[in-house]
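K.L.:
I am attaching a structure below and will ask some questions about it afterwards.
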Amino acid sequence: MSQAASGAEVVQVNRKSLWVAAFGLLLLSIGAVGMGWFPGYDRFNFTLQALGSLAVAVALLIEWRTHVERRGWAALVLFILAIITYGALWVPYAINPASLGTTEATQLGFFMSGFASICASIGTFVVMRRKESHLEHPTSSVDPQIKATFMQLLLFGLGTLLHGVDLIWVGEEDSNLGQFSLLAIAVVMIMIAVISFESHLTAQVGRPAVIITIAAIALYAMVFVLDSLPSWIDEQWRLTTGIHGFSYALGAVACGLAAVHKARGPMS
């Protein structure tokens, strides 16, 4: 790889969007951990979940031109819809915190989470189709617009699809251990896709950010492993969301480190 090409890769992500994403993930983390440890402030915790998701969506919008040029409008809209849907599921809880744990609210929460994950999956498959189109109509550029391989995109797309479908399944029926095992497998598939993309991500955001990102996904997956154990009891999902909060915190740290890494390179 030439020095010029390497430099071109490093400036793809605007560090302002990374700081906004870090802020959003921090809000998600505080809200999720608060749900587990400080249930007396649930309205505040749920509000933070919604605002955190909105901030992450704004981070994507800051980079909208790059996303559209490389991945297309359809993928960008689907990814933003996924994030906003996840944030919106917390609004009813913020309005009425007492609804947490009720059958109707739980089903709605799982359905919206599943829908959000399926949107991310469809967005990924749209990116795959765009990559195929680029290969069918190659340009003179030596720097491919979509650097992820078909296998990496397929793993991520199938992982998010399985995760979304299984979340809807969990919400519609009495949960069983097998359902949570499938959720763990889905997140592991996503983690494998990220790990296989490590070399490019390292050039983009630095090795520490990549390592912490992988740790965050692993922690997120661990929750579903625990939920698949017969001895694990978390009827109101407070421990689950609390642990997820720590994974969001790691994600915020990773985004912050990535922003610092970008600041050391050419201005973006």
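K.L.:
Taking the conditions exactly as written (at pLDDT 85 or above and either in a loop (DSSP other than H, G, I, E, B) or more than 16 Å from the chain's Cα centre (by Cα) (or both)), does Gly114 satisfy them or not?
P.N.:
For Gly114, the condition - at pLDDT 85 or above and either in a loop (DSSP other than H, G, I, E, B) or more than 16 Å from the chain's Cα centre (by Cα) (or both) - is not met.
K.L.:
What pairs can you find where one residue is in the range 88-101 and touching a residue at least 24 places away in the same chain (Cβ under 8 Å), the other is surrounded by 13 or more Cβ atoms within 10 Å (Cβ to Cβ) and not in a helix (DSSP H, G or I), and their Cβ atoms are less than 7 Å apart, with a gap of 6+ or different chains?
P.N.:
Close Cβ pairs satisfying both conditions: Tyr93/Leu100; Leu100/Gln236; Gly101/Gln236.
K.L.:
Would a scan of the range 25-43 turn up a residue that is under 30 Å from Phe150 (Cα atoms), crowded, with 17+ Cβ neighbours inside 10 Å and touching a helix residue (DSSP H, G or I) at 6+ places or on another chain (Cβ under 8 Å)?
P.N.:
Yes: one or more hits.
K.L.:
Can you list residue pairs whose Cβ atoms sit under 6 Å apart, with the first residue in the range 102-121 being in contact (Cβ under 8 Å) with a residue 60 or more places away in the chain and the second being in a helix (DSSP H, G or I) and among the hydrophobic types (A, V, I, L, M, F, W, C)? Count only pairs 6 or more apart in sequence or on different chains.
P.N.:
Going by the 6 Å Cβ cut-off, the qualifying pairs are Phe110/Leu167; Phe110/Val170; Phe111/Ile168.
The values are calculated or read from the model by the stated rules, or taken from the named source; none is laboratory data. Bear in mind the structure is a predicted one, so any value in this text is a computation, not a measurement. All Cβ positions, even for glycine, are placed from backbone atoms using ideal geometry, and neighbour counts span all protein chains on display.
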